[in-house]
1. Please report Met123, Met175, Met111, Met210 as a ranked list, fewest other C-beta atoms within 10 angstrom at the top and most at the bottom.
2. Using the Karplus equation 6.51 cos²θ - 1.76 cosθ + 1.60 (θ = phi - 60°), what ³J(HN,Hα) coupling, rounded to whole Hz, does each residue of the stretch 183-190 give in order, writing x for Gly and Pro?
3. Can you check how the C-alpha radius of gyration of the stretch 63-183 compares to 2.2 N^0.38 Å, as a plain ratio?
4. Quick check: pseudo-label points 7 Å beyond the Cα along Cα→Cβ at Ala168 and Glu93, how many nm apart are they?
Amino acid sequence: MTNQEKSNAAATTASTNAAATAAAAKTVSTNTAATTTTGTAPSDNQADADAVNTNPGATSNTAPSPTADRELTLSRILPAPIDLVWEAWSQPEHIASWWGPNGFSTTIHVMEFRPNGEWNLVMHGPDGTDYDNKSIFTEIIPFKKIAYQHLTWPNFLTTVEFEDLGEATRITWHMLFDSPETFIQVVQLHKADQGLQQNADKLITYLAKMK
């Protein structure tokens, strides 16, 4: 091979390597952007991993939902059958044992588990502050869906859907706030997305005790 041929071959190799590097960088950039948009998606090997999405209406394949700027959604696979999960959600003596973020305890005063039934509780914060919560159940489909309207501030509609996976149960926990301003204050300033994850963690811990 002549010196000129060697030079041309080296240039070709360098160009190919540069193109491969650029492609790899583009792949990393694309994956990073996807993670930022959708939160931490559950992997096949982590059945109890959760995904919190603060903009569930916006995806790469669909136009943003008109309410995407005031929604919060959590998806979690619980390591318990659906009948046990439903019992933990539908009985006040159970739900009082796991409801709320870390450091909070809950006293349930009224829980009329039926459509149009009242649900009144007090969450006791770790600093001693009490938080009154008044809600109305708007829809209950056994082993499928629970929906309630939270009446005290912050105002939001919560829908929890249940999917039977045999020895596990998938829940999709969706909160629709009354305005983007409320969403920003509750989620971004008060870290409601983290509180929602902690609430799901406490539920998993309690389900293990119920078995």
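1. Details: Met123 16, Met175 23, Met111 19, Met210 13.
Lowest to highest Cβ neighbour count: Met210, Met123, Met111, Met175.
2. Working through the residues one at a time gives 4, 4, 5, 7, 7, 7, 8, 9 Hz.
3. Working: Rg = 14.8 Å, N = 121, 2.2 N^0.38 = 13.6 Å.
That works out to 1.09 for the stretch 63-183.
4. According to this spin-label approximation, the distance is 3.1 nm.
The numbers here are math on the coordinates, done by the rules we state, and not lab data. The structure presented is a predicted model; accordingly, all values stated were derived computationally and were not measured. A quick note on method: Cβ atoms are made from the backbone with ideal geometry, for glycine too, and the neighbour counts reach across all protein chains shown.
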